[in-house]
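A short worksheet on the structure shown next.
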Amino acid sequence: MIKLRKTIQIFIIVFVLFSVFLSSIKLTFDGYYGFYYENQKVNRTTLSNISDYLYDLKPIFLFRSYTGFETGYGFFGPNVSSDFITVFKVYDEKGKLIKLLDKVNLKSKEGTIRFTTLNSLFLEKLTDKENKKFNQYLDIIVNQITKYVGKDYPKNYKIETELYLFDYPTIVDFNKGVDKKLILIKKYSL
Amino acid sequence: MKLTLKKINTFFFKENTNFEWISFFRIAIGFLLLLHFISVLPDFNSLFSTNGIIPSDILDTFIPNNIITFPKIITFFSSFGISEIITTLLFKIFYVAFSVCLIIGFSPRVSATFLLVLQISLVKGSSFYAYGVDYFSSMSLFYLILIPSHYKYSIYTYLKRNIQISNITPYKRLFQLHLCIAYFFSGFDKVLGFNWWNGESIWKAINLPFANNDFNFNFSFLAHHSILLIIIGWATIIIEMLYPIFIWIPKTRKTWLYLTISMHLGIALILNLYIFSAIMIIWNLTNFYTFDNKQTL
């Protein structure tokens, strides 16, 4: 009985550590190739291909999905991703701009933090312009957000959503007096 | 060879009767999950309901069928005539109840199992709103299912029931190694990016639109003294990559633990990611703080 228990414990230790290593290696490769070979077709290393294959195996997929072990541990590595800002413009029935909002009206700080994580999706819009279906999907999402903002206003009001890339100057540029910029990615209206 | 195997065996299986670390973990994670859940309750319907800001049928598009989500739970109960309002209310009640059960140590493994299902369904149902802390919460619950945590500071010890003690050292070692791998890769991923070598990544991170909104520190002086940004960047890489070495050496353990905790406090203050920082500090204290004031872990 003790031997069986020990065998089970060893199996669990090996399996969990394998899962941790697998996610770490797979997502490290993803981060590396994404950063240095963005939009380029590149022959990935054998280890990268093996980790991709194992990561998607059904038993591993189910285990990592139900336990959180799918996460990588890069946290801002190898690069701090760019962020996005959405600006909502509210026009009255005469077309006069009456309100400018820089975020969706949520009641809690945590709700706002969670909603902001959605912005990371828009990076795909810049990095994977070829993926038309996903870009259309993102457009649907922004349209839904625009609809939600419009709920607080009369039906004959127009809501315009502008999606901007937040571009903060590099250290050198900042010292030269360059200020942060908002680069318009797309405009949506409802 | 035999000696090495013996050492490995001792490392993983030597019994330790100090259970304070796992009790601390259970109580701290219980409180954190409860706090995290309560903090988003005012926006619960906007984010997670079927008719939220982004309706669930759109959010669900890329979710495989074998993954449980909150909207799927709603659909399941609606087939029995139970409305979304009732299901949502029950979901909230159970989430809070199971968190409280964890805190007081009432059937913690069963509570952690149910809580993991609820938490995963919430996170997967609206995966676009998920961030680091959600994955660490899920993993924490997984460890609370794996490791018995009711030996100390639980309702069972209060009622003085006869508790059968089992050897939990193997799982403690697993948890410790997991944390070491996590920190190593965290540092390794950073060192792969050239912007981490010249201070640009730190500069970019502290100036992200969601960062530094609570205290509004003026960091412009750092651009004039960019050497400080380079030092902070390299210090982060060194603390993380060398964590698996210095955290195991008794003489450097405390220093490395406090350095790592300081790093997470910095993340909390500057990036305003309080819950994420809190869970990382809990993981560190659980695994490498010696609760019984001895040097052994």
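Only the coordinates and a few stated rules stand behind these numbers; no lab work does. On a predicted model such as this, the values are computed, not experimentally measured, just so you know. Neighbour counts run over all protein chains shown; Cβ positions are idealised from the backbone, glycine included.
A few comments on the model shown:
- Rounded if a/c under 1.5, otherwise prolate or oblate - region A:2-67, Cα gyration tensor axes: prolate
- Protection proxy ranking for A:88-94, B:144-150, using the average of other Cβ atoms within 10 Å per residue and placing the highest first: B:144-150, A:88-94.
- Span-like helix ranges in chain B, DSSP H, alpha carbon extent 24 angstrom or more, Kyte mean at least -1.0: B:20-40, B:84-104, B:108-125, B:169-191, B:250-271
- Dividing the mean sequence gap of close Cα pairs (under 8 Å, 6+ apart) by how many residues region A:83-189 holds gives a relative contact order of 34 percent.
- Hydrodynamic radius of region A:87-160 by the Kirkwood approach over all distinct alpha-carbon pairs: 13.8 Å.
- Alpha carbon centroid spacing (whole Å) that separates region A:130-165 from region B:249-297: 42 Å
- All distinct Cα pairs of region A:53-122 go into the 1/r average, and the inverse of that average, the Kirkwood radius, is 16.0 Å.
- Angle in degrees between helix A:58-67 and the longest Cα principal axis of chain A, rounded to the nearest 10: 60 degrees
- In terms of other Cβ atoms within 10 Å, A:LEU165, B:LEU159, B:LEU59 run from fewest to most in the order B:LEU159, A:LEU165, B:LEU59.
- Relative to the longest principal axis of the Cα atoms of chain A, the long axis of helix A:2-36 lies at roughly 40 degrees.
- Across region B:169-297, Cα pairs under 8 Å and at least six residues apart give a relative contact order of 29 percent.
- Evaluated at q = 0.05, 0.10, 0.12 Å⁻¹, the base-10 log of the normalised Debye intensity for the protein assembly as shown, with identical point scatterers placed on the Cα atoms, takes the values -0.21, -0.86, -1.24.
- Note on B:LYS6: aspartates and glutamates with a C-alpha under 20 Å away, same-chain residues under 8 apart excluded, are B:GLU15.
- Reachable lysines, given that their alpha-carbon falls under 20 Å from the alpha-carbon of A:LYS180 and they are not under 8 places away in the same chain: A:LYS103, B:LYS204
- Loop-located trypsin sites (Lys or Arg not before Pro) in region A:135-190 whose Cβ has at most 13 other Cβ within 10 Å (DSSP): A:LYS151, A:LYS155, A:LYS176, A:LYS180
- Sorted by Cβ neighbour density within 10 Å, fewest at the top, the residues B:ASP292, B:ASP57, B:ASP134, A:ASP30: B:ASP57, B:ASP292, A:ASP30, B:ASP134
- The ranking of B:MET241, A:MET1, B:MET139 by Cβ neighbour count inside 10 Å, starting from the fewest, reads A:MET1, B:MET241, B:MET139.
- Pairwise Cα distances in region B:75-226 exceed 27 Å for 50 percent of all pairs.
- Cα gyration tensor of chain B - equivalent ellipsoid semi-axes, whole Å, descending: 34, 31, 17
- Computed over region B:169-297, the ratio Rg/Rh where both radii use C-alpha atoms and Rh is Kirkwood: 1.01
- The GluC sites (Glu not before Pro) of region A:126-174 meeting both criteria, a DSSP state outside H, G, I, E and B (loop) and at most 11 other C-beta atoms within 10 angstrom of the site's C-beta, are A:GLU130.
- Shielding by other protein chains, B:51-57, mean Cβ within 10 Å: 4
- Over region B:18-166, Cα pairs under 8 Å with separation of 6+ residues give a relative contact order of 33 percent.
- Peptide B:179-189, shielding by other chains (average Cβ, 10 Å cutoff): 6
- Based on DSSP H segments of at least four residues, each scored -39500 (n - 2.57), chain A has a per-residue ellipticity at 222 nm of -15500 deg cm²/dmol.
- Taken as Cα centroids, region B:128-181 and region A:31-97 sit 29 Å apart, rounded to the nearest whole angstrom.
- Debye log10 I(q)/I(0) at q = 0.14, 0.18 Å⁻¹ for chain A, Cα point scatterers: -1.00, -1.29
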